[in-house]
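The values are calculated or read from the model by the stated rules, or taken from the named source; none is laboratory data. Everything numeric here is computed off the predicted structure, so don't read it as measured data. Glycine gets a Cβ as well: all are built from the backbone with ideal geometry, and neighbour counts include every protein chain shown. SASA here: full protein model, heavy atoms, side chains in, ligands and nucleic acids out. Shrake-Rupley method; radii C 1.70, N 1.55, O 1.52, S 1.80 Å.
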Amino acid sequence: MNTFAASFASASAAVALTLASPALADTVTFPGYLHGSESVTFTVPNQSTPGTTSSTVSAGGFSTVVNGATFETYCVDLYQTIAFNTPYADYVNVGGGHAFANSHAYGDLGRLYGLAGPILDAVHEAAFQMAVWEIAYETGASYNLGSGVA
């Protein structure tokens, strides 16, 4: 699962800090769902063989701890799993090279975050998570949870 990068107050300060400090691996853990979760079913194309994969999973926003800082994140990669309260080694910052099926995903995810406002219950968390997956995987002309790729 990948998370969305937090914005920095000053890009130049972030670059300077990156250049001045040695490369260290991030410590990432997911203690659980921030406001609960709901059970949802998804269908996506298989990664390596023709056909699709369907699964029923829990959907919601994760409480995420990165190097001691806690914030909320969402899953963007349906092909990966996590274990709560276990250090996560496969963390990749979204700006670090994640390739979405949808070429508009970066911009559309930003708009989703900007329009959604605070989400404080499991039903809305699951709906937001489903919107993230739809944006990440849909390659058709429009978003529709009832048809298309995701």
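Output the number of residues of segment 1-55 satisfying the condition of being at pLDDT 50 or above, part of a strand (DSSP E or B) and surrounded by 10 or more Cβ atoms within 10 Å (Cβ to Cβ). So the answer is 15. Taking first residues from segment 37-51 that are farther than 11 Å from A126 by Cβ and among the small types (G, A, S) and partners that are part of a strand (DSSP E or B) and at pLDDT below 90, the Cβ contacts under 8 Å between residues at least 6 apart in sequence or on separate chains come to G51/P45. How many of the residues in segment 111-142 are of a type outside the set (A, V, I, L, M), without any contact (Cβ under 8 Å) to a residue 12 or more places away in the chain and in a loop (DSSP other than H, G, I, E, B)? The total comes to 4. Taking the conditions (1) open to solvent by less than 40 Å² (accessible area, probe 1.4 Å); (2) modelled with pLDDT of 90 or more in turn, F84 satisfies each one other than (1). As a summary of the residue check, G95 satisfies the conditions (1) of a type outside the set (A, V, I, L, M, F, W, C); (2) modelled with pLDDT of 85 or more; (3) assigned to a helix (DSSP H, G or I) except for the one numbered (2).
Could you run through segment 62-81 and say how many residues are on the phi < 0 side of the Ramachandran plot, in a loop (DSSP other than H, G, I, E, B) and either open to solvent by 70 Å² or more (accessible area, probe 1.4 Å) or modelled with pLDDT of 95 or more (or both)? The number of residues fulfilling the criteria is 2. Restricting segment 109-122 to residues that are open to solvent by 30 Å² or more (accessible area, probe 1.4 Å) and within 16 Å of C75 (Cα to Cα), the residue that is modelled with the highest pLDDT is L112.
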